[in-house]
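As structure tokens, the structure follows; a few thoughts come after it.
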Amino acid sequence: MSQYAPGGIEEKWYAAWEEAGLFGPDPDLEDEPFVIILPPPNVTGILHMGHCLGNSIQDTLIRWARMRGRPALWVPGTDHASIATEQVVSRQMAAEGLDKREVGRDAFLERAWVWKEQTHGRITQQIRRLGCSLDWSREAFTMDEARNRAVTEAFVRLKEKGLIYRDVYLVNWCPHDLTAISDDEVEYREVEGHLWHLKYPLADGSGHVTVATTRPETMFGDSAVAVHPNDPERKHLIGKMVKLPLTDREIPIIGDHHADPEKGTGFVKITPAHDPNDFEVGRRHDLEQVICMTPAGIMNEQVGSFAGLGRSECRKAVVEALEKDGLLDKTEKHVHQVGHHDRCGHIIEPYLSRQWFLKMEDLATPAVKAVAEGEIKLFPERWVGVYDNWMNNIRDWCISRQLWWGHRIPVWYCDDCSEEIAALAEPGKCPACGSGGLTQEEDVLDTWFSSWLWTFSTLGWPDETPDLKKFHPTTVLVTAPDIIFFWVARMIMASYEFKNEKPFAEVLFHGIVRDEEGRKMSKSLGNSPDPILIIDEYGSDALRCSLVMLTPTGQDIFFSETTLEVGRNFCNKIFQATKLVLGTWDEAGLPAGNPADMPPRTLEIATLGPAADWAERPAEMFTGLWAGIFGGNPPADLSDEDLRLEDRWILGRLMDTVSGCGANMEKRRLNDAAYGVFNFFRHEFCDWYLEAIKPRLRDEKERGPVLGVAVLGLAVSYKLLHPVMPFITEELWSWLPPSKGFLMNSSFPGFKGETPFAPERAAFEQVMEIVGAIRNLRNELGVQPGKRGRAILRVPSAGEASALEGALPLIALLAKMENAEVVVGGEDPSPAGAAVAGSVEIFLPMEGLVDLDKEKARLHKELAGIEGWMKGCRAKLSNEKFTGNAPDHVVQKQKDLLAENEAKAGKLKEMLDALG
RNA sequence: GGGCGAAUAGUUCAGUUGGCUAGAGCGCCUGCUUUACACGCAGGAAGUCGCAGGUUCGAGUCCUGCUUCGCCCA
């Protein structure tokens, strides 16, 4: 086996975790709970890339919190998605030649439930494949028994409070789905249409007025023509009558500020039953509301001979008829925004009907305050403005839908006295007249009426359950910003209304997943890959890693195969590094430690001791750290001397990484947290540390202690990566001989404070710089890789020489040189390739290999660059305004840099001289 | 029409409190089958930080205006 293959491993661990009961909150933990409620996916939908991103982020957070020792709860659930599901089921029935209205409500619902049961298994299985550590024992569905109770309770309470009312109102109506929808479900799209100028003759025969309209077919519903009351040229016509063409009706000219003298012709036809603005005008002037269409958008008996035509057919026919009568003044092309139903794409018809509404203004007040005062934090913060803007202009919410799949509104009408009763359960008789003849409201509630209760309905509300007491308010909500109004804002309002507390402490908005061309992934475009196929090919860890690591907070992400390769390649890298280290462990036959010694549940590295302790007794401190991670002792006894330069450097860097990762997790910068570990592991642990210790790993006498450091490095890396890549890290953890129990509920190490081994870290960085310079030199000069040769390092003082002495074998190893030697001062070796790394001059004396002209040109170029920079720096430092105003450390830094570069320039000049 | 955001290497993006000789992934170029890994390693090229002003000793970062693109709302 040469590459990591996730197949089988992922399923194995998911089952093991579930069986071990690790997904629920640990009841023994006393810390503050960390709670996330999963935004419920549509139960009849399938998982798409957006879910993968959101779920990966949530699982990363919840796994991190769990490993930090907090009782972590992530509640799963699905949404009944009223309209979407009703559409799917209707379509299925249509394919069988059935019509839902013919089969009736009960039969339809029965079928919808069967469908729901089928698809529910699919979507939850997909979520499992992703590795989500959800507490399945608490799974909820928006239409299950418990949630139904919550919905009914909420409705009745609001009704009793007088916040729910029923009114005849112009609503957004979908003529395709035959239901009202809320304002938020209307999607405006730019459409190329026409502006028709129609002549309406004055009834007294004294001429005509011209109105401009984009919808001539609604003229049959006109009740007036409006002009602005102050319009100097037209106001004299107010009070006159016009003859409505193609009909025998006469309508008045009225004065209303809705008509803008600057726009169009200055005259506006008023159609109260078919236009929201006209509806308001109609109310102001008590105009007749003439409905000229059926709910399906077919012209009705009001339109005379045009009856029976569809909306757009009628438009054509009306225009033709008016043209024939000489009443079409002109036609202009006109681009305008037209409302479409976001679910089915059909053009919305403003339609006059009796609907249920919820008054929003009072509900909004505490919700606005909570966000404004930081009680609820939004990440990224810029969404606060968007939220405020919507909340401060909030409009009443149309909550009734003319559908069957949903929560039937808990209102009964008395057949005898028309009393209206809202109740938790069907009342036996009418409380007003005692009649037993009661009929329940036919309409169901908007889907979001159940979702907005989600943070607390999932925890048992309206009952005061232990879960509700312990886990509400929840910690963080993770969602895409496109549902900030539909859902996020409404959840905040609901929680304050029913619980008198916030629903969550923070909201983390993530971006939208787009394809390589920047298009939103959608079913209709067919550009959304099936996540399961991706997981099959690349592994869930690779997908999660790529998504989390490459997604800056709240930014949209462009998704492609290349993106996935980053994650897949990284998985392989972790696997390969583990193989290298453990291969040596096996050869060495080291003891695994006592399985009974369990490591502590939490680990704060700083509590083991300050940086000074690490400097003074590193072996003892290391042993303490080992016990904190594995329990027990390292595989081999080790003394302070066993911890070499590279060991101390990597331990210091490991702690820096722990600290940075924790800080970024706290700030919810998940990408930075993951990326930091990625960089550490790949470019420091593998590229430098493992390369540096290879000879020691092969040396039977030396490998015991160094294996301890390497295995600890692996273990800590697994821990830091586990929240993002749970499967591979759990698998490889189980391979480490000293590991015990599940990585999933082991400790996530924390570290704050001064990182130990500052001198060793600086020394190793110097090694890296020297090695880098030698490698560069070899490459630039085209030295063959097989040619090893000597490296001469010249330093100005004996002190620096002795400091470098110990690192010479390491430098030779990493730079692939035969040997490296250090000299103090003296003549430049020549001919030689030369470079400068800090105070160290590097010479590669390679007779016959170095092209003198090439080398001189190279040095000249480097020198020119440095001199250019120094000129600028000197100018800056001689500017008194700079030295006077800038903080001391900034000035000092410039001085240091200048000195450093001056020295380097001097050395480069000498080298050039030496070359002749 | 109103609001929000973005503009930095070929490309996707970092750059947090103004101190930067502006970084990373992918791509590109050169070299390497080095006993974990070619899903790899080493080295390299590549930028007028959208434009124009301003504040400041100092601006990718703050302010004003403009341009282009994206999103949301009406």
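The values are calculated or read from the model by the stated rules, or taken from the named source; none is laboratory data. Since the model is a prediction, treat every value here as computed from it, not as a measurement. Note that we place each Cβ from the backbone using ideal geometry, even for glycine, and neighbour counts take in every protein chain shown. All accessible areas refer to the heavy atoms of the entire protein, side chains included, with ligands and DNA or RNA removed. Shrake-Rupley method; radii C 1.70, N 1.55, O 1.52, S 1.80 Å.
Report whether or not A:His346 is touching a residue at least 60 places away in the same chain (Cβ under 8 Å), within 15 Å of RNA strand B (Cβ to nearest atom) and closer than 28 Å to A:Trp196 by Cα.
On the way: touching a residue at least 60 places away in the same chain (Cβ under 8 Å): yes; within 15 Å of RNA strand B (Cβ to nearest atom): no; closer than 28 Å to A:Trp196 by Cα: yes.
Answer is no for this residue.
For region A:852-875, what are the residues that are closer than 17 Å to A:Ala899 by Cα and in contact (Cβ under 8 Å) with a residue 40 or more places away in the chain? Before you say what the answer is, go through the steps one by one.
Quick first cut of region A:852-875, residues closer than 17 Å to A:Ala899 by Cα only: A:862-875.
Hits for region A:852-875 are A:Glu862, A:Leu863, A:Ile866.
Tell me which of these A:Ala606 doesn't satisfy, since it passes every other one: (1) small (Gly, Ala, Ser); (2) within 13 Å of RNA strand B (Cβ to nearest atom); (3) touching a residue at least 60 places away in the same chain (Cβ under 8 Å).
Among (1) small (Gly, Ala, Ser); (2) within 13 Å of RNA strand B (Cβ to nearest atom); (3) touching a residue at least 60 places away in the same chain (Cβ under 8 Å), the lone unmet condition for A:Ala606 is (2).
Give region A:783-828 a look and list any residue that's closer than 21 Å to A:Ile693 by Cα and of a type in the set (Val, Ile, Thr), or say none.
Listed by number, the list holds a single entry, A:Ile811.
Within region A:568-589, can you find the residues that are closer than 12 Å to A:Arg682 by Cα and not β-branched (Val, Ile, Thr)?
A:Asn569, A:Phe570, A:Cys571, A:Asn572, A:Lys573, A:Phe575, A:Gln576, A:Ala577
Which of the residues spanning region A:583-604 are touching a helix residue (DSSP H, G or I) at 6+ places or on another chain (Cβ under 6 Å) and either over 22 Å from A:Pro635 (Cβ atoms) or at pLDDT 90 or above (or both)?
Those that are touching a helix residue (DSSP H, G or I) at 6+ places or on another chain (Cβ under 6 Å) and either over 22 Å from A:Pro635 (Cβ atoms) or at pLDDT 90 or above (or both): A:Thr584, A:Trp585, A:Pro599, A:Leu603.
Any residue in region A:477-492 that's closer than 19 Å to A:Arg514 by Cβ and more than 14 Å from RNA strand B (Cβ to nearest atom): show its pairings with residues that are part of a helix (DSSP H, G or I) and open to solvent by 10 Å² or more (accessible area, probe 1.4 Å) at Cβ separation under 6 Å, as long as the two are six or more apart or on different chains.
Going by the 6 Å Cβ cut-off, the qualifying pairs are A:Val478/A:Ile57.
Got at least one residue in region A:609-616 being of a type outside the set (A, V, I, L, M, F, W, C), touching a residue at least 40 places away in the same chain (Cβ under 8 Å), surrounded by fewer than 18 Cβ atoms within 10 Å (Cβ to Cβ) and closer than 30 Å to A:Gly539 by Cα?
Checked against the condition, which is being of a type outside the set (A, V, I, L, M, F, W, C), touching a residue at least 40 places away in the same chain (Cβ under 8 Å), surrounded by fewer than 18 Cβ atoms within 10 Å (Cβ to Cβ) and closer than 30 Å to A:Gly539 by Cα, region A:609-616 yields no hits at all.
With respect to A:Ala758, is the statement that it is modelled with pLDDT of 90 or more and more than 41 Å from the chain's Cα centre (by Cα) true? If you could, list the steps in order and put the result at the bottom.
On the way: modelled with pLDDT of 90 or more: yes; more than 41 Å from the chain's Cα centre (by Cα): no.
It is false that A:Ala758 is modelled with pLDDT of 90 or more and more than 41 Å from the chain's Cα centre (by Cα).
I'd like to verify a number: residues in region A:880-916 that are over 46 Å from the mean Cα position of the chain (by Cα) and open to solvent by 70 Å² or more (accessible area, probe 1.4 Å), how many? Give the derivation first.
Going through region A:880-916, the residues over 46 Å from the mean Cα position of the chain (by Cα) turn out to be A:880-881, A:884, A:899, A:902-916.
When the remaining residues are screened for being open to solvent by 70 Å² or more (accessible area, probe 1.4 Å), the result is A:880-881, A:902, A:909-910, A:913, A:916.
The total comes to 7.
Considering each of A:Leu438, A:Leu453 in turn, give the residue that is at pLDDT 90 or above, within 18 Å of A:Gly77 (Cα to Cα) and touching a Phe, Trp or Tyr at 6+ places or on another chain (Cβ under 9 Å).
A:Leu453
Can you find a residue in region A:781-794 that is at pLDDT below 90, touching an Asp or Glu at 6+ places or on another chain (Cβ under 9 Å) and of a type in the set (A, V, I, L, M)?
yes
Sort out which residues of region A:571-585 are within 6 Å of RNA strand B (Cβ to nearest atom), within 34 Å of the chain's Cα centre (by Cα) and aliphatic (A, V, I, L, M), and write them in order of number.
A:Ala577
Condition first: open to solvent by 30 Å² or more (accessible area, probe 1.4 Å), farther than 30 Å from A:Gln3 by Cβ and in a helix (DSSP H, G or I). Now tell me which residues in region A:580-608 satisfy that.
Listed by number, the residues that qualify are A:Ala606, A:Thr607, A:Leu608.
How many residues, within region A:1-18, are open to solvent by less than 60 Å² (accessible area, probe 1.4 Å) and either touching a residue at least 24 places away in the same chain (Cβ under 8 Å) or within 14 Å of RNA strand B (Cβ to nearest atom) (or both)? Full working, then the answer.
Within region A:1-18, the subset open to solvent by less than 60 Å² (accessible area, probe 1.4 Å) is A:4-6, A:8-10, A:13-17.
Within this subset, residues satisfying the condition of being either touching a residue at least 24 places away in the same chain (Cβ under 8 Å) or within 14 Å of RNA strand B (Cβ to nearest atom) (or both) are A:4-6, A:9-10, A:13-14, A:16-17.
Within region A:1-18, residues that are open to solvent by less than 60 Å² (accessible area, probe 1.4 Å) and either touching a residue at least 24 places away in the same chain (Cβ under 8 Å) or within 14 Å of RNA strand B (Cβ to nearest atom) (or both) number 9.
If the Cβ limit is 7 Å and pairs must be 6+ apart or interchain, which residue in region A:84-101 that is in contact (Cβ under 8 Å) with a residue 40 or more places away in the chain and among the aromatic types (Phe, Trp, Tyr) pairs with which residue that is assigned to a helix (DSSP H, G or I) and open to solvent by less than 60 Å² (accessible area, probe 1.4 Å)?
none
Mind listing whichever residues of region A:711-738 are buried (at least 19 other Cβ atoms within 10 Å of the Cβ) and of a type in the set (Ser, Thr, Tyr)? Steps first, please.
Just the residues of region A:711-738 that are buried (at least 19 other Cβ atoms within 10 Å of the Cβ), to begin with: A:711-733, A:736, A:738.
Passing the criteria: A:Ser717, A:Tyr718, A:Thr729.
Each row is one residue, and each column tells you yes or no for (1) open to solvent by 10 Å² or more (accessible area, probe 1.4 Å); (2) part of a loop (DSSP other than H, G, I, E, B); (3) not small (Gly, Ala, Ser).
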{"residue": "A:Leu638", "(1), (2), (3)": "yes, yes, yes"}
{"residue": "A:Trp649", "(1), (2), (3)": "no, no, yes"}
{"residue": "A:Trp688", "(1), (2), (3)": "yes, no, yes"}
{"residue": "A:Glu691", "(1), (2), (3)": "yes, no, yes"}
{"residue": "A:Leu697", "(1), (2), (3)": "no, no, yes"}
{"residue": "A:Lys740", "(1), (2), (3)": "yes, yes, yes"}
{"residue": "A:Ser746", "(1), (2), (3)": "yes, yes, no"}
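For region A:64-98, what are the residues that are of a type in the set (D, E, K, R) and farther than 22 Å from A:Thr447 by Cα? Walk me through how you get there before you give the answer.
Within region A:64-98, the subset of a type in the set (D, E, K, R) is A:66, A:68, A:70, A:79, A:86, A:91, A:96.
Those that are of a type in the set (D, E, K, R) and farther than 22 Å from A:Thr447 by Cα: A:Arg66, A:Arg68, A:Arg70, A:Glu96.
For A:Phe509, state whether it is surrounded by 19 or more Cβ atoms within 10 Å (Cβ to Cβ), at pLDDT below 95, out of contact with any Lys or Arg (no Cβ under 8 Å at 6 or more places or on another chain) and within 20 Å of A:Trp74 (Cβ to Cβ).
So A:Phe509 passes the test.
Give the number of residues within region A:897-916 that are within 13 Å of A:Met870 (Cβ to Cβ) and of a type outside the set (Gly, Ala, Ser).
First, the residues of region A:897-916 that are within 13 Å of A:Met870 (Cβ to Cβ): A:897-906, A:908-909.
Now narrow it down to the ones that are of a type outside the set (Gly, Ala, Ser): A:897-898, A:900-902, A:904, A:908-909.
Total meeting the criteria: 8.
Which of the residues that make up region A:748-775 are more than 30 Å from A:Arg63 (Cα to Cα), open to solvent by 20 Å² or more (accessible area, probe 1.4 Å) and within 16 Å of RNA strand B (Cβ to nearest atom)?
Just the residues of region A:748-775 that are more than 30 Å from A:Arg63 (Cα to Cα), to begin with: A:757-775.
Subsequent filtering for residues that are open to solvent by 20 Å² or more (accessible area, probe 1.4 Å) retains A:758-763, A:765-766, A:768-769, A:772, A:775.
Listed by number, the residues that qualify are A:Glu765, A:Gln766, A:Met768, A:Glu769, A:Gly772, A:Arg775.
Among the residues of region A:533-545 satisfying the criterion of being of a type outside the set (Asp, Glu) and more than 9 Å from RNA strand B (Cβ to nearest atom), which is surrounded by the fewest Cβ atoms within 10 Å (Cβ to Cβ)? Spell out the reasoning first.
Initial filter on region A:533-545 (of a type outside the set (Asp, Glu)): A:533-535, A:538-540, A:542-545.
Checking the rest, the ones that are also more than 9 Å from RNA strand B (Cβ to nearest atom) come to A:533-535, A:539-540, A:543-545.
Numbers: A:Leu533: 9, A:Ile534: 19, A:Ile535: 23, A:Gly539: 26, A:Ser540: 29, A:Leu543: 27, A:Arg544: 28, A:Cys545: 27.
Restricting to residues being of a type outside the set (Asp, Glu) and more than 9 Å from RNA strand B (Cβ to nearest atom), the top hit is A:Leu533.
In region A:19-46, how many residues are within 14 Å of A:Arg128 (Cα to Cα) and buried (at least 22 other Cβ atoms within 10 Å of the Cβ)?
3
Can you list the strands (runs of 3 or more DSSP E) found entirely within region A:177-257 that contain at least 3 residues being over 45 Å from the mean Cα position of the chain (by Cα) and surrounded by 14 or more Cβ atoms within 10 Å (Cβ to Cβ)?
On the way: elements: A:179-181, A:186-201, A:208-213, A:224-227, A:241-243, A:250-255.
Hits in region A:177-257: A:186-201, A:208-213, A:224-227, A:241-243, A:250-255.
May I ask you to list the residues in region A:142-172 that are open to solvent by less than 10 Å² (accessible area, probe 1.4 Å) and within 30 Å of A:Thr124 (Cα to Cα)?
A:Thr142, A:Ala150, A:Val151, A:Ala154, A:Phe155
Test each condition in (1) over 30 Å from A:Pro531 (Cβ atoms); (2) at pLDDT below 95; (3) open to solvent by less than 10 Å² (accessible area, probe 1.4 Å); (4) not polar (S, T, N, Q) for A:Leu564 and report the one that comes out false.
With respect to (1) over 30 Å from A:Pro531 (Cβ atoms); (2) at pLDDT below 95; (3) open to solvent by less than 10 Å² (accessible area, probe 1.4 Å); (4) not polar (S, T, N, Q), A:Leu564 is out only on (1).
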